[in-house]
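Just below is one structure, and these are the notes that go with it.
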Amino acid sequence: MTNAATIHAAEEPVKKKSQFLEVMKRLTYNKGAVVGGIIFLLVFLIAVFAPALSPYGYAEINIQERFMSPGLKHLFGTDHMGRDILSRAMYGARYSLLIGIGSVIFSAFFGVIVGAASGFYGGWLDNLIMRLCDIIQSIPGMILNIALACVLGPGVFNVIIALGVEGIAGTARLMRSSILNVRKMEYLDAAATSNCSDLRIIAKHVFPNTFAPILVQATMGVGARIMMAASMSYIGIGVQPPTPEWGAMLADSRDFIMDYPYMCLIPGICIMLVVLSLNLLGDGLRDALDPKLKK
């Protein structure tokens with residue numbers, strides 16, 4: 001009876017652990033990543049529910065209350081037009097996150113396609129794509145963004161496109177290098193011999209095994225794009241007033257930095273917190289997705 005029970009237990013299929021749950025479990029071991037994730041989640045929720053959370057409209061002007069210091073009525077004070085800085089910072093999270101996440105999705109989408117074609121097929125196509133990437137990456141990122149923004153014109157979606165185009169080359173290179181590491185694996189040969197199309201092989205077998213570095217790069221890239229967008233708005237070629245993007249808020253406050261420093265400190269701190277949280281989260285994801293560090 002005991003032997004029969006043992007045999008029956010041995011024949012029971014072992015439950016396969018969810019890879020997503022395993023990654024999340026390893027991610028919780030990294031305290032910095034947890035803190036970064038909480039900060040980013042809070043900022044994201046504030047951005048989503050800004051209309052309900054903000055005490056005033058972001059474009060609501062009250063000249064009689066201009067340059068009010070932080071207090072009970074206006075927690076972060078008011079600017080030179082009497083607009084509530086707290087409300088503008090909440091709405092600014094919407095635009096800054098939209099630009100950062102949108103440009104990363106844009107560059108990841110096209111970069112993954114181009115890099116996958118380059119790494120999977122190789123040959124003359126690989127050489128052509130890599131030389132084009134060399135040309136793009138030989139231009140300093142800020143100069144390329146300024147040139148693209150000047151051609152496209154100011155505006156939120158034009159900034160997203162400009163920043164996204166600049167990031168395609170880096171994503172394509174990362175995708176290509178990841179594919180080169182798995183292109184000679186036996187499971188790809190098995191898929192090819194079973195008459196799978198190239199598109200199916202790339203989508204079902206190659207991309208899932210090269211997803212981790214793309215995810216880490218995208219997470220850190222959002223913070224970098226937010227800083228770049230703020231820099232472009234600061235010099236006047238990004239998001240235009242009265243849109244309360246954090247970089248545009250810094251540009252509005254630069255003439256009053258000596259007398260009313262809180263006007264530039266608030267958007268600057270917002271940018272710092274989001275970029276720091278994304279860098280911490282990206283570091284944690286890199287460690288959690290690394291198979292060599294599994295516990």
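Quick one: in segment 234-247, which of the residues that are assigned to a helix (DSSP H, G or I) and in contact (Cβ under 8 Å) with a residue 24 or more places away in the chain is farthest from Gly141 (Cα to Cα)? Across segment 234-247, the extreme among qualifying residues is Trp246.
For Leu86, indicate whether it is among the hydrophobic types (A, V, I, L, M, F, W, C), in a helix (DSSP H, G or I), touching a Ser or Thr at 6+ places or on another chain (Cβ under 8 Å) and surrounded by fewer than 23 Cβ atoms within 10 Å (Cβ to Cβ). Walk me through how you get there before you give the answer.
Working: among the hydrophobic types (A, V, I, L, M, F, W, C): yes; in a helix (DSSP H, G or I): yes; touching a Ser or Thr at 6+ places or on another chain (Cβ under 8 Å): yes; surrounded by fewer than 23 Cβ atoms within 10 Å (Cβ to Cβ): yes.
Yes: the conditions hold for Leu86.
Scanning segment 55-97 for residues that are modelled with pLDDT of 90 or more and among the small types (Gly, Ala, Ser) yields a total of 5. Would a scan of segment 256-265 turn up a residue that is within 22 Å of Gly155 (Cα to Cα) and without any contact (Cβ under 8 Å) to a residue 12 or more places away in the chain? Checked segment 256-265: no residue is within 22 Å of Gly155 (Cα to Cα) and without any contact (Cβ under 8 Å) to a residue 12 or more places away in the chain.
Just to be sure, is Ser107 crowded, with 21+ Cβ neighbours inside 10 Å, assigned to a helix (DSSP H, G or I) and either among the aromatic types (Phe, Trp, Tyr) or in contact with a Lys or Arg (Cβ under 7 Å, 6 or more places away or on another chain) (or both)?
Numbers: crowded, with 21+ Cβ neighbours inside 10 Å: yes; assigned to a helix (DSSP H, G or I): yes; either among the aromatic types (Phe, Trp, Tyr) or in contact with a Lys or Arg (Cβ under 7 Å, 6 or more places away or on another chain) (or both): no.
When the stated conditions are applied, Ser107 does not pass them.
Every condition in (1) in a helix (DSSP H, G or I); (2) surrounded by fewer than 20 Cβ atoms within 10 Å (Cβ to Cβ); (3) in contact with an Asp or Glu (Cβ under 7 Å, 6 or more places away or on another chain) is met by Lys204 except one, and the failing one is (3). Please determine, by comparing only the residues of segment 238-265 that are at pLDDT 85 or above and within 29 Å of Ala108 (Cα to Cα), which one is surrounded by the most Cβ atoms within 10 Å (Cβ to Cβ). Step by step, filter segment 238-265, then rank; the result is Met249.
Do we have any residue at all in segment 49-64 that's more than 24 Å from Val156 (Cα to Cα) and not in a loop (DSSP other than H, G, I, E, B)? Yes: one or more hits.
The values are calculated or read from the model by the stated rules, or taken from the named source; none is laboratory data. Given the structure is predicted, the values throughout are model-derived calculations rather than measurements. Because the Cβ atoms are built from the backbone with ideal geometry, glycine has one as well, and the counts that use them run over all protein chains shown.
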